[in-house]
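First the structure, in the form of structure tokens, and then the observations on it.
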Amino acid sequence: MKIFHFTAIAVLCILTSAKAQQTQPKTDTVFFEDFNEKALDRSKWNVEVTGRTVNNEQQAYVDSSATLFFLNGVAAEGANHGALVIKAVYQPGFTSEENKKYDFISGRINTRQKMEFTYGTASARMKMSAGSGLWPAFWALGNGNWPDCGEIDMMETVGDSGWISNALHGPNYFGNTPLTYRAFFPQGTDVTKWHIYSVDWTRDSIVFKLDGKVTYTVTRAMVEHYGRWAFDNPKFIILNFALGGGYPSGVNHIKAPYNGISQATVTKIKAGEAKVMVDWVLVTKSAAQ
């Protein structure tokens, strides 16, 4: 009787699992990048070059192996295969094509016109340095004028290692948007460890997650309380590492030696210790979307 009892349970589990698999919607991979190459795949990514920064940021974005490069093996610090590194570099007197001078250079890449998606799940496995004024981000942006094009911020941090922020920007809800949330890490971990940051985007909601756990949910009705829902159009992925500017200074209230950047962070940048590591980026979409 005991043998029959356990066998019946086993069969029931198998049938239940099979039924669950049949009811789950099929998911297709729209985009995957595991950064397991010697150089950035330019068929997938654009490298932004600009000295016309916004938000009073303190860096110029350049296309350089000093700010964008790859690590493999032990040097990849726990990445599954290889890792992209976006590094902030102290380079006083750097002059942009716009003839503007900067003391810092950094990197920013995007998938504009190479991979754009409407609805689905976008995720990235990342780890980054902490320090007041370091402002890395993983986000999605629509084409056209900002903020009407819509912006989804899956992960931003401004140097406080204990939390990251999620946010939406669109018409009448931008800048210091009311649609934002600080997601705090569980005790014993922080932004300097590997985490998966993601968003589930549908026609009527946007759900942010940290390591698979929901941090913040925004519905169409919540957005339309402030303005037009700007999330029915294609978005492209952006990974960047900004330094200082409006958001960090608004949190840490630091004005010197640079707007939003502490002296300790400047020292960290000079020592080559300010970096963002990206293990992979994945975009998926279910058949129902």
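Toward the positive end of the charge dipole of the chain, with +1 on the Cβ of Lys and Arg and -1 on the Cβ of Asp and Glu, the farthest Cα among Leu210, Gly170, Phe104 is that of Leu210.
Carbon and sulfur atoms: what percent of the 1.4 Å accessible area of the chain do they account for?
Details: 7450 of 13950 Å².
Answer for the chain: carbon and sulfur cover 53 percent of the accessible area.
Phi angles of segment 263-277 translate, via the Karplus equation with coefficients 6.51, -1.76, 1.60 and θ = phi - 60°, into HN-Hα couplings of 5, 4, 6, 4, 4, 5, 5, 4, 7, x, 10, 10, 8, 10, 10 Hz per residue; Gly and Pro are given as x. Of Arg108, Arg52, Arg182, the order by accessible heavy-atom surface (1.4 Å probe, DNA, RNA and ligands excluded), from most exposed downward, is Arg52, Arg182, Arg108. For Glu77, Glu151, the ranking by accessible surface with the largest value first comes to Glu77, Glu151, using a 1.4 Å probe.
Given the -39500 (n - 2.57) contribution per DSSP H run of 4+ residues, what per-residue ellipticity at 222 nm results for the chain, rounded to the nearest 500 deg cm²/dmol? Before the final figure, lay out each step's value.
Details: 4 runs with 42 residues, N = 289.
Taking each H run of at least 4 residues, the total per residue is -4500 deg cm²/dmol.
Probe of 1.4 angstrom, ligands and nucleic acids ignored: what's the accessible area per residue over segment 160-252, in square angstrom? Don't skip to the answer; put the middle values down first.
Details: 3940 Å² over 93 residues.
Spelled out: the 1.4 Å probe surface of segment 160-252, per residue, equals 42 Å².
The residues of segment 57-121 have, on average, 45 Å² of accessible surface per residue, using a 1.4 Å probe with all protein chains present. Measuring with a 1.4 angstrom probe and ignoring ligands and nucleic acids, Val54 comes out at about 80 Å² accessible. In the set (1) 20.9, 85; (2) 17.2, 50; (3) 19.3, 72, the label that goes with Rg and Dmax of the Cα atoms in Å computed for this structure is (1). Asp28 sits with roughly 70 Å² accessible to a 1.4 Å probe, with DNA, RNA and ligands left out of the calculation.
Per-residue surface analysis assigns Val276 an accessible area of about 0 Å², computed on protein heavy atoms at 1.4 Å probe radius.
Accessible area ranking (1.4 Å probe, heavy atoms, ligands and nucleic acids excluded), largest first, for Arg42, Arg112: Arg42, Arg112.
The values are calculated or read from the model by the stated rules, or taken from the named source; none is laboratory data. Here the structure is a predicted model, which is why all the values come from computation and not from measurement. Virtual Cβ from ideal backbone geometry, glycine too; neighbours counted across all protein chains shown. Areas reflect the complete protein model, heavy atoms only, side chains present, ligands, DNA and RNA absent. Shrake-Rupley method; radii C 1.70, N 1.55, O 1.52, S 1.80 Å.
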